[in-house]
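Contents: one structure, followed by commentary.
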Amino acid sequence: MTARDRRGVTIGVLLFALAALLPLASDSYFLSIGVTIAMYTALATSWALFSGPTHYISLATAAFFGIGTYTTGIGIEYMPYWLTLPIAAVIGAVLAALVGVATLRLSGVYFVIFTLGLAELVRQIITWGQNVSGAKGLYVLTSITEEHIYWQLTGLSALVFLAGFLIWRSRLGFAVRILGDDEEVARHSGIHTARVKVLLFMIPGAVAAVTGAILAPRYVYIEPAIAFTPMLSFQVVIMALLGGTGRLWGPVVGVIPFTFLWEAISGTFPNQTTLLLGLSFLVIVYLLPRGFVGLIEEARGRVSRRGAFA
Amino acid sequence: MTRLLTGTALAALFAAGGALAQETLTIGAVGPKTGPLAGGAAVTYWPNVQLWANDVNEAGGLQVGDTSYMVEIVEYDDQTNPAQTIAAVQRLATQDEADFILPPYSTGLNLAAAPIYDRYGYPQVTSTANTGNVEDLSAQFPNLYITLGAASGMVGGLIDVMTELREAGEIGNTVAMVNVADAFGIELAEEARPLFEEAGFEIVYDSSYPLGTQDLSPVMQGAADANPDSFVAFSYPPDTFALTEQAIIENLDVGVFYTAVATAFPSYQERFGESANGVMGIGGVNADDPEFQDYAARHEEVTGQAPDSWASAMVYSTFQIYQQAIEGAGTIDREAVAEYIANNSFDTVIGPIEWDENNNNPAYWTVGQWQDGVFRGIASTGREGEVDPIVKSGWE
């Protein structure tokens, strides 16, 4: 571990410790914003672990999220809540692996379309299952509070950061970086590119499923229309891109301002929310193509250049 | 400038001080303005929010002791997304410091918000939530009230009407049944199968179609080929219209033609005119009740559109419960108002509403029918004003 790594880890640990204190220090309004931020931090960071280096845009977040929600919704009847989280993770990872094996050999655009369709596919399968079995919407009545949900999501985000940190320094991370630069070169260097991509894709799959599982008690009532909202996939992508995918801490830099922007828009302009969000997307794409990370590094570069000339 | 402002303030003070003290009550409203449920909310939910605020303020506000409170509505779009409903109710409770929050729209969005209403002690008298799980819910959320009824009652009402017609010799005992493969459609169909059998009906055609199916002609042809005496569809708004259209094309010859959600919409009558006569649908109202007629007239006048003949009046009636409870309790203290709601019955545009032991309204409309251009309730679980059903005769 280099000195720089050590500094990064220390800062990360401190920030997470600070974040974990939020429920003690704030009222429940900010706590509910905190839940949103923690949720999107886990989703967007894990999304960027895969999509950042590989440049494959995955729109499957809603599919995995919904599967996790249903895992808790169904599982809570038969087992303690805590057990549903690892089960959701396994189901999410296995599904991601299956999808990855089927599509990651294809070029980018097929993958995007497939992942977009995946949420709808899973949703239709669950609806079909309900129609055949006559099952109704699921009730998740627990004593889990907003604080518990917040802490679980913050813990999950910390795990995602840890995973990202370790992968970046492993052989897998090295392979991923080469693959991201040039897949052809990677293949000629003896890297099994398809396997690397599938392994990496399992991370956002598992994380999104666990996020859905954690949030199920918050929704109380689970039905397909609630569990599988395609908007979720797009929000994760836009937040990650706003932050920038080049750094592990990039997406969270996008998640925080975006959550406050969203909250401000829906609070102030309840009748034009969707319109204003669309405009913000455009602004982000045109003015911040590399996200906040790009902006920050540019500024940093300018400062150090000026330092060099002086 | 300062002097001008002071002058205006003084004038306002005198005007207000002349009679009773007048204050403002902040009332929150959260519902879909975008997303999949925006269409339904635009018919049954938002116009009633507007109408209710208008009615209350026109009458000089809510009378609480010596003070009259004008109501000011703060509304948020939840985008048909439970996470947004939660956020908006949270915002209303803590940021806008709403005195009361009207119930959200639909089963899922109401239940997602229930923990927040519960935490801050806001009574949540729902009008569009439909659940078969009232016991567990009322144990978990003591401030949650359900008025719309349950699927079992809706289906039971329909089967009673059909049994009555069969015993009068008006229809035979074969039924073609279809349902939309989505939450409420599935639930209704699931309830209906054993009940039809029990009542001695024979289901000669039983099929479902996915939500959003555009072309329903195969479904209707299948039903027509089975040559049923009755046709029953547990459908949603778009397919309610599409199935009726196909029935007209096929000239489906049945004595009972039933479609579910949206049959009671005024646009159904507008679209099908004479052909709608005799069509049965879910819900209903006492169309002859002057209270309801007065409500419908005001609805049209204030919002520019007619109410539907089922959920619209239910939504408005729950708003009336808030109104009567605040005035009846004589305070705007939420705890006192919640207690008043729990211990009283209310006189509303759909008639009296009383609670059973699970804070559930046991008396609701289950089946209505278009009769000469008016959608009338023909079956209920204890409402007044049920009229006799008529047999469907042709589509001309």
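From the phi angles alone, apply the Karplus equation (6.51, -1.76, 1.60; θ = phi - 60°) to the stretch A:290-297 and give each ³J(HN,Hα) in whole Hz, x where the residue is Gly or Pro.
9, x, 5, 4, x, 4, 5, 5
Can you work out the FRET efficiency for the pair B:Gln50 and B:Asn358, with r the C-beta to C-beta distance and R0 = 35 Å, to the nearest 0.05? Walk me through the numbers before you get to the answer.
On the way: r = 31 Å, r/R0 = 0.89.
Once rounded, the FRET efficiency stands at 0.65.
Quick one: 3J(HN,Hα) in Hz for the stretch B:357-374, Karplus 6.51/-1.76/1.60 with θ = phi - 60°, rounded, Gly and Pro as x.
Running phi through 6.51 cos²θ - 1.76 cosθ + 1.60 with θ = phi - 60° gives 5, 9, 6, 10, 8, x, 10, 9, 6, 10, 9, x, 8, 6, 10, 6, x, 10 Hz.
When chain A is treated as a GNM, springs tying every alpha-carbon pair under 10 Å, which of A:Glu183, A:Glu223, A:Glu298 comes out with the largest mean-square fluctuation?
A:Glu298
Just how far, in whole angstrom, is the stretch B:291-310 from the stretch B:219-244 if you go by their alpha carbon centroids?
30
Which of the listed residues, B:Gln22, A:Leu295, B:Ser393, is farthest toward the dipole's positive end in the protein assembly as shown, when Lys, Arg count +1 and Asp, Glu count -1 at the beta-carbon?
Of the options given, the answer is A:Leu295.
Calculate I(q)/I(0) for chain A by the Debye formula, one identical point scatterer on each C-alpha and no solvent, and give its log10 at q = 0.10 Å⁻¹ to two decimals.
The computed values of log10 I(q)/I(0) come out as -0.58.
Which value in deg cm²/dmol, rounded to the nearest 500, describes the helix-derived mean residue ellipticity at 222 nm for chain A, given -39,500 (n - 2.57) per DSSP H run of n ≥ 4 and division by the residue count?
-27000 deg cm²/dmol
For A:Ala3 paired with B:Asp136, estimate the spin-label separation in nm (one decimal), with each label point 7 Å from Cα along the Cα-to-Cβ line.
It works out to 5.9 nm between the two label points.
As a footprinting exposure proxy, order B:Met280, A:Met79 by other Cβ within 10 Å, with the fewest listed first. Don't skip to the end; give the middle numbers.
Working: B:Met280 27, A:Met79 11.
Ranked by crowding around the Cβ, least crowded first: A:Met79, B:Met280.
Where the only charges are on Cβ atoms (+1 Lys, Arg; -1 Asp, Glu), what is the dipole of the stretch A:3-229 about its Cα centre, to the nearest 20 debye?
That gives the stretch A:3-229 a dipole magnitude of about 580 debye.
Taking K and R as +1 and D and E as -1, what net charge do the other residues with C-beta under 13 Å from the C-beta of B:Thr80 add up to?
Working: positive: B:Lys33; negative: A:Glu223, B:Asp77, B:Asp78.
Result for the neighbourhood of B:Thr80: -2.
Sort A:Ser26, A:Ser51 so that the residue with the fewest other Cβ atoms within 10 Å of its own Cβ comes first and the one with the most comes last.
A:Ser26, A:Ser51
At B:Gln22 and B:Thr331, where each label point lies 7 Å from the Cα along Cα→Cβ, what is the point-to-point distance in nanometres?
Here the modelled spin labels are 2.6 nm apart.
Please compute the contact order of chain B in relative form: average sequence separation of alpha-carbon pairs under 8 Å and at least six residues apart, divided by the residue count, as a percent. Before the final figure, lay out the partial values.
Numbers: 779 pairs, mean separation 67.0, N = 396.
Here the relative contact order equals 17 percent.
How much net charge surrounds A:Leu49 when only the other residues with a Cβ under 13 Å from the Cβ of A:Leu49 are counted, with Lys and Arg +1 and Asp and Glu -1? Don't jump to the answer; show the numbers that get you there.
Values: positive: A:Arg177, A:Lys197, A:Arg247; negative: none.
Combined, the nearby Lys, Arg, Asp and Glu give +3.
Per DSSP H run of at least 4 residues, take -39500 (n - 2.57); add these up for chain B, divide by its residues and hand me the 222 nm value, nearest 500 deg cm²/dmol.
Working: 14 runs with 177 residues, N = 396.
Calculated at 222 nm, the ellipticity per residue is -14000 deg cm²/dmol.
Once you list every other residue whose beta carbon is under 14 Å from the beta carbon of B:Ala242, what net charge do they have if Lys and Arg are +1 and Asp and Glu are -1?
-3
Please report the base-10 log of the normalised intensity I(q)/I(0) for the protein assembly as shown, using a Debye sum with one equal scatterer per alpha carbon and no solvent, at each q in 0.06, 0.10, 0.11 (1/Å).
Log10 of I(q)/I(0), two decimals: -0.41, -1.02, -1.17.
Under a 5 Å amide H to amide H cut-off, with H placed in plane at 1.01 Å, what residues pair with B:Ala379 once short-range neighbours are removed?
B:Thr366, B:Val367
Arranged by the count of other C-beta atoms within 10 angstrom, fewest first, what order do B:Trp52, A:Trp168, B:Trp365 take? Write out the running numbers ahead of the final one.
Values: B:Trp52 23, A:Trp168 16, B:Trp365 33.
Listing B:Trp52, A:Trp168, B:Trp365 from fewest to most nearby Cβ atoms yields A:Trp168, B:Trp52, B:Trp365.
Other chains' Cβ within 10 Å of B:74-84 residues: what's the mean? Present the calculation step by step, with values, prior to reporting the outcome.
Working: counts 2, 2, 5, 7, 3, 6, 4, 5, 11, 11, 6.
Partner-chain Cβ atoms within 10 Å, mean over residues of B:74-84: 6.
Looking at chain A as a GNM with Cα springs under 10 Å, which of A:Ala19, A:Ala264, A:Ala88 has the largest mean-square fluctuation?
Looking only at A:Ala19, A:Ala264, A:Ala88, the largest GNM fluctuation is found for A:Ala264.
I'd like the distance separating the alpha-carbon centroids of the stretch A:4-37 and the stretch B:315-362, in whole Å.
The stretch A:4-37 and the stretch B:315-362 have Cα centres spaced 43 Å from each other.
Can you bin every Cα-Cα distance in chain B into 20 Å intervals starting at zero and give me the percent of pairs per bin, rounded to whole numbers?
27, 53, 17, 3, 0
Stretched out fully, how many nm does the piece from A:Phe234 to A:Thr268 gain, at 0.36 nm a residue minus the Cα gap?
Values: separation 34, 0.36 × 34 = 12.24 nm, distance 2.24 nm.
Additional length available on full extension: 10.0 nm.
I'd like the FRET efficiency for B:Gln293 and A:Val283, computed as 1/(1 + (r/R0)^6) with the beta carbon distance as r and R0 of 41 Å, rounded to 0.05. Walk me through the numbers on the way to the answer.
Details: r = 52 Å, r/R0 = 1.26.
That pair, B:Gln293 with A:Val283, gives E of 0.20.
Can you compute the charge dipole magnitude of the protein assembly as shown about its Cα centre, using +1 on each Lys and Arg Cβ and -1 on each Asp and Glu Cβ, nothing else charged? Give it in debye, rounded to the nearest 20.
Values: 31 positive and 69 negative charges, 1180 e Å.
Once rounded to the nearest 20, the dipole reads 5660 debye.
Apply 1/(1 + (r/R0)^6) to the Cβ-Cβ distance of A:Thr10 and B:Met70, taking R0 = 60 Å, and write down the FRET efficiency to the nearest 0.05.
On the way: r = 57 Å, r/R0 = 0.94.
Working from the Cβ atoms, E equals 0.60.
For the stretch A:3-229, with the dipole built from +1 on Lys and Arg beta-carbon atoms and -1 on Asp and Glu ones, taken about the Cα centre, which of A:Leu18, A:Thr103, A:Ala63 lies farthest toward the positive end?
The listed residue farthest towards the positive side: A:Thr103.
Along the three principal axes, how long is the stretch B:89-228 when you take its alpha carbons, biggest first, rounded to the nearest angstrom?
The principal-axis extents, from largest down, are 60, 35, 21 Å.
Which one of B:Gly153, B:Asn130, A:Trp128 has its Cα pushed farthest toward the positive end of the charge dipole of the protein assembly as shown, where Lys and Arg give +1 and Asp and Glu give -1 at the Cβ?
A:Trp128
Quickly work out the B:Glu170-to-A:Arg305 label distance, labels modelled 7 Å from Cα along the C-beta direction, and quote it in nm with one decimal.
8.6
Relative contact order for the stretch B:114-210: what is it in percent, counting Cα pairs under 8 Å that are at least 6 residues apart? Please report the intermediate quantities before stating the final value.
On the way: 113 pairs, mean separation 23.2, N = 97.
Value for the stretch B:114-210: 24 percent.
Read the figures in this text as sums done on the coordinates, not as results from a lab. What you see is a predicted model; the values in this text were computed from it and never measured. Positions of Cβ are generated from backbone atoms using ideal geometry, with glycine treated the same way; all protein chains shown enter the neighbour counts.
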